[in-house]
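Reading through the structure tokens given below for one structure.
The values are calculated or read from the model by the stated rules, or taken from the named source; none is laboratory data. Since the structure is predicted, the reported quantities are computational estimates derived from the model, not experimental observations. Methodologically, a virtual Cβ is constructed for each residue, glycine included, from the backbone with ideal geometry; neighbour enumeration extends over all protein chains shown. Please note that ligands, DNA and RNA were not included when accessible areas were found on the heavy atoms of the full protein model with its side chains. Shrake-Rupley method; radii C 1.70, N 1.55, O 1.52, S 1.80 Å.
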Amino acid sequence: MRYVNGFLITLLILISASFADAQKIARPVDLVYPQLDSENSRWIFFASACRPFGMVNLSPDNNADGDWGSGYRYERDSVKFFSHIHGWQLSGVPVMPVNGAFRGNLGSNIYGSKYSHDKEVVKPGYHSVFLDSYGIKAELTSTTRVGFHRYHFPAAKESYLLLDLGTFLGPAGTVKGYAKKMNDREIQGYALMDKTTRRPKEMYVFFDIQLDTPFQNMLAWKDGHLTGVTDEYQGSNGGVYLKFGTPDDRVIQMKVGISYVDADQARLNIQSELPHWNFDRVANESSEEWNQYLSRIEIEGGTPVQQKRFYTDLWHSLLGRRTISDANGKYCDMTGTERRIGQIPLDKSGKPLFAHHNSDSFWGAQWTIATLWDLVYPKITSDFVNSMLLMYDDGGLIPRGPAGGNYTAVMTGASSTPFIVSAYMKGIRTFDYHKAYEGMKKNHMPGGMMGKAGYEHNTANGGGIEYYIERGYVPYPLEKKWGIHQDGAAQTLEYASQDWCLAQMAKSLGKQADYDYFKKRSANWKNLYDSQTGWIRPRDLNGKWKEPFDPYQYESGFVEGNSAQVTWFVPHDLPGLATMMGGNSNAAAKLEASFKTAEKLDFTSGKAHSKELQEEYRRIPINYGNQPSIETAFVFNHIGYPWLTQYWSRKVVDHAFSALSTDKGYNGDEDQGLMGSLAVLMKMGLFEMNSGAEQRPVVELGSPIFDKITIHLDSNYYKGKSFVIEVKNNQPENYYIQTANLNGKPQLNQWIHLDEITRGGKLLLEMGKDPNKNWGSPK
């Protein structure tokens with residue numbers, strides 16, 4: 001028996017060691033779960049055959065009607081087609097392999113195919129499905145600007161590849177399409193995508209399609225009727241299809257180059273990025289590119305589920321905000337009255353200095369991607385800032401959410417200001433920061449982005465900036481509806497925070513008068529604090545408080561939130577807010593009461609966007625399913641209660657950002673990397689309340705969930721090689737920091753300077769199950 005026990009112990013040790021080794025050698029990319037929350041997808045959320053920030057984001061579409069509930073939807077049992085663009089207000093080029101009697105003219109509800117998840121493989125950079133209706137295995141991968149398809153056709157009398165140039169596709173319908181046969185292996189053309197309420201102008205998407213197998217004919221349909229063989233098609237509500245001979249099982253490969261400039265540029269993108277036909281090579285290269293990005297952060301410890309969810313979150317942080325410029329730097333400028341083709345400056349080798357980008361709003365970026373990208377991927381930050389300044393050169397305003405070269409005026413305020421200022425203050429200055437300051441200052445004045453409400457395309461009145469300057473607050477309601485999100489209380493607090501950020505850059509640049517002006521404006525939030533109720537409360541045009549007032553009432557003065565959530569949106573003056581609440585202890589008690597209430601609903605307004613809109617879910621004081629209150633767990637750090645930041649930030653992670661399933665994940669709207677980035681930061685125990693816009697940026701500490709976190713720093717921007725966070729006694733119930741050491745010396749504050757991280761080093765945290773109320777607290 002003693003021998004048997006010894007053998008079992010040895011066996012268990014070997015198994016444990018093998019498991020540890022397996023965990024250690026697993027590539028981060030292999031831990032990503034792309035189908036996370038895919039039952040709640042919107043058009044811009046899911047991507048599989050895609051590179052980081054790729055122009056092409058190729059994947060199956062299970063539903064294509066509308067911005068919400070469209071794209072890849074795990075719960076649907078059929079594939080309509082495979083389309084190449086799932087961007088903010090952008091879509092285009094849906095294709096489908098079919099066989100038998102052609103039915104493409106009857107619409108995707110007819111020509112689509114049943115499929116099963118049992119015969120589906122989804123990985124970063126690769127997607128395959130088996131189309132049951134046709135017996136065709138479809139494989140998808142991509143380069144940055146080229147979709148690459150491999151179709152396994154069974155023997156059939158008639159086989160086709162169709163291109164639908166008349167369908168509705170996510171956010172937009174197709175106004176018209178054009179296709180021309182270049183030879184028996186290539187077609188070119190475009191789809192003109194209709195304008196949307198968010199993107200105010202029609203948008204051309206050009207394509208060049210090349211095949212490794214000659215097709216017999218190009219045929220077309222229009223208005224539901226087949227029109228026969230053609231070498232050229234143009235019109236609305238139609239499309240083309242290529243006929244192939246497949247007397248036996250046959251593999252046909254297809255490249256689809258995309259451009260917003262013209263079809264020849266789409267061909268150039270193929271020539272630049274995909275000159276060969278080796279599908280497996282491209283799929284492997286895509287996987288490796290993703291792995292290189294994801295490996296910039298290494299984690300040890302935690303459960304297998306926690307590790308998978310972490311790298312899925314990190315993957316999302318790099319996924320949604322798309323490239324819109326071509327391989328040679330040409331791009332489409334839609335900021336003026338006429339469509340114009342621009343050119344990004346080239347380096348000495350003839351390559352573009354940066355890529356131009358399409359992006360949802362930067363509303364909430366100050367607590368998410370501004371922190372994560374600046375620290376781990378500063379080149380990405382630099383590219384996005386340069387892209388914004390390119391648009392400023394073209395159209396005269398720095399955007400807050402561009403779509404295909406269009407201004408969209410998405411959301412509110414000057415949300416790009418904290419993003420740009422934080423980059424500058426952290427030493428990421430590979431852009432013209434004098435021009436950036438000029439553009440940001442313009443956005444903070446009448447006629448700039450602060451003057452525009454949500455999707456206010458042709459005027460600049462709904463932002464209420466004149467009232468904010470003259471009266472110190474934005475009234476609610478205004479005298480007229482100019483756009484959406486005309487919610488004056490929330491706008492006031494957002495502007496005040498952004499003014500503070502701009503003031504910091506003004507000070508750094510020696511612009512004392514500007515600093516004094518914007519610093520003074522940053523105190524405007526105080527004009528809406530109601531001492532009687534203890535909440536931020538809207539005032540009308542006559543200065544009267546909103547009546548009746550309910551701090552849990554959704555919107556009605558608050559953008560996608562309520563007063564209980566938005567009251568804490570004073571990141572630059574939380575001690576001042578606490579003073580108005582009667583002191584730190586009163587403020588902490590008030591905020592903790594909100595967290596205890598919100599915990600009953602897992603800190604979110606439901607588990608999906610559709611739930612968030614329901615009254616019983618939106619009456620919540622803290623919502624980690626949207627951006628307005630995602631800083632709240634770290635507010636305690638600023639009012640003398642850091643142990644409550646440690647406790648509640650870990651609770652939020654456990655409840656809101658730990659699921660690994662198709663029906664849960666981001667509890668509302670992931671918003672193109674914002675919530676993925678937030679989850680990554682909270683799991684590392686790092687946060688920036690002011691996006692690092694301080695004169696000497698600071699990073700504050702929470703409660704890491706892993707035993708060891710290694711951040712590999714970019715030597716082109718930072719002096720250090722890596723920064724390591726080592727966590728001792730890290731158990732599920734050990735939320736609290738007991739002691740901290742930075743590079744061997746006691747760390748007494750709940751924050752460290754960013755430059756202490758970027759010089760490289762090691763932070764050692766000792767955790768425990770009881771709070772150490774002496775650590776990190778004011779003495």
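Three semi-axes describe the equivalent ellipsoid of the chain; taken as square roots of 5 times the Cα gyration tensor eigenvalues and ordered largest first, they are 44, 33, 24 Å. Placing a label point 7 Å from the Cα of Arg103 along the Cα-to-Cβ direction, the residues of the stretch 135-172 whose backbone N falls under 17 Å from that point are 135-136, 157-164. In the stretch 181-230, the alpha-carbon atoms span a convex hull of 101 Å³ per residue.
The Thr459 and Asp714 beta-carbon pair, evaluated with R₀ = 41 Å, returns a calculated FRET efficiency of approximately 0.50. Rounded to the nearest 0.05, what FRET efficiency do Asp755 and Asp654 have when you use their Cβ-Cβ distance and R0 = 30 Å? With R0 = 30 Å, the Cβ-Cβ based efficiency is 0.40. Sorting 195-202, 618-625, 534-541, 238-245 by average packing, meaning the other beta carbons within 10 Å per residue, from highest down gives 618-625, 238-245, 534-541, 195-202.
Hey, what angle do you get for helix 674-684 against the long axis of the chain, alpha-carbon based, 0 to 90 degrees rounded to 10? The angle comes out near 50 degrees.
When the scattering of the stretch 29-132 is computed by the Debye formula from its Cα atoms alone, each counted once and equally, what is log10 I(q)/I(0) at q = 0.12, 0.22 Å⁻¹? Debye output, listed in q order: -0.37, -1.26. Projected label points at Lys520 and His434, each 7 Å from Cα along the beta carbon direction, are separated by 2.7 nanometres.
In order along the stretch 346-360, the phi-based Karplus estimate (6.51 cos²θ - 1.76 cosθ + 1.60, θ = phi - 60°) of 3J(HN,Hα) comes to 9, 7, 5, 8, x, 9, x, 5, 7, 9, 8, 10, 9, 7, 5 Hz; Gly and Pro are listed as x.
Summary of packing: across the peptides 85-98, 544-557, the per-residue average of other C-beta atoms within 10 Å ranks them, highest first, as 85-98, 544-557. Remark: the stretch 257-269, residue by residue, has Karplus-estimated 3J(HN,Hα) of x, 10, 8, 9, 9, 6, 5, 5, 5, 4, 5, 4, 4 Hz, where x stands for each Gly or Pro and the curve is 6.51 cos²θ - 1.76 cosθ + 1.60 at θ = phi - 60°. Taking the charge dipole of the chain about its Cα centre, with +1 at Lys and Arg Cβ atoms and -1 at Asp and Glu Cβ atoms, the residue from Gly104, Ile622, Gly404 reaching farthest to the positive side is Ile622.
Considering all different alpha carbon pairs of the stretch 536-603, the Kirkwood hydrodynamic radius works out to 13.2 Å. For the pair Ser777 and Gln512, the difference between a 0.36 nm per residue extended length and the Cα-Cα distance amounts to 92.1 nm.
Shown are Lys114, Lys728, whose ranking by accessible area with a 1.4 Å probe and every protein chain present, most to least, is Lys114, Lys728. Taking label positions 7 Å along the Cα-Cβ direction at both Glu547 and Thr739, the computed distance is 6.0 nm, reported to one decimal. Taking Cα atoms, how many degrees apart are the long axis of helix 642-656 and the longest axis of the chain, rounded to 10 and kept between 0 and 90? Result, in degrees: 30.
The stretch 212-259 and the stretch 49-109 have Cα centres lying 17 Å from one another. Ordering Ala578, Val146, Pro60 by Cα displacement along the dipole of the chain toward the positive end leaves Ala578 in first place; charges were set at the Cβ atoms of Lys, Arg (+1) and Asp, Glu (-1). The alpha-carbon positions of the stretch 446-590 define a convex hull whose volume is 108 Å³ per residue. Specify the angular offset, from 0 to 90 degrees and rounded to the nearest 10, of the alpha carbon long axis of helix 433-443 from the longest principal axis of the alpha carbons in the chain. Orientation of helix 433-443: about 80 degrees from the principal axis. Taking all protein chains together and a 1.4 Å probe, the residues Thr604, Thr459 rank Thr459, Thr604 from largest to smallest accessible area. Fully extending the segment from Thr533 to Glu479, taken as 0.36 nm per residue of separation minus the present Cα-Cα distance, adds 16.8 nm. Rg/Rh for the stretch 205-321 (Cα atoms only, Rh after Kirkwood) is 1.13. Ranked by the mean number of other Cβ atoms within 10 Å of their residues, highest first, the peptides 691-699, 509-517 come out as 691-699, 509-517.
Around the Cα centre of the chain, unit charges on the Cβ atoms of Lys, Arg, Asp and Glu (plus for the first two, minus for the last two) sum to a dipole of about 1020 debye. Ranking Thr417, Ala490, Asn443 by how far each Cα lies toward the positive end of the dipole of the stretch 374-494 (charges on Cβ) leaves Thr417 at the top. Dimensions of the stretch 497-548 based on its C-alpha atoms, expressed as ranges along the principal axes with the largest first, amount to 46, 21, 13 Å. The Kirkwood radius of the stretch 621-779, taken over pairs of alpha-carbon atoms, gives through the Stokes-Einstein law at 10 °C and 1.306 mPa s a diffusion coefficient of 98 µm² s⁻¹.
For the stretch 429-498, GluC sites (Glu not before Pro) meeting the loop criterion (DSSP other than H, G, I, E, B) and having at most 13 other Cβ atoms within 10 Å: Glu479. Per residue, the convex hull spanned by the Cα atoms of the stretch 559-697 amounts to 112 cubic angstrom. Share of pairwise Cα-Cα distances greater than 16 Å in the stretch 661-731 is 64 percent (whole percent).
Normalising by the residue count of the stretch 264-362, find the relative contact order in percent from Cα pairs under 8 Å and 6+ residues apart. Result for the stretch 264-362 is 23 percent.
The order of Glu338, Glu615, Glu120 by accessible area, most exposed first and with a 1.4 Å probe, is Glu338, Glu615, Glu120. In whole Å, how far is the Cα centre of the stretch 519-544 from that of the stretch 344-418? So the two Cα centres are separated by 32 Å.
When you filter the trypsin sites (Lys or Arg not before Pro) in the stretch 406-465 for DSSP loop state and at most 14 other Cβ atoms inside 10 Å of their Cβ, you are left with Arg429. Under the criterion of Cα pairs below 8 Å and six or more residues apart, the relative contact order for the stretch 428-491 equals 24 percent.
With a simple spin-label model that places each label point 7 Å from the Cα along the Cα-to-Cβ direction, the separation between Ser610 and Asp194 comes to 2.3 nm.
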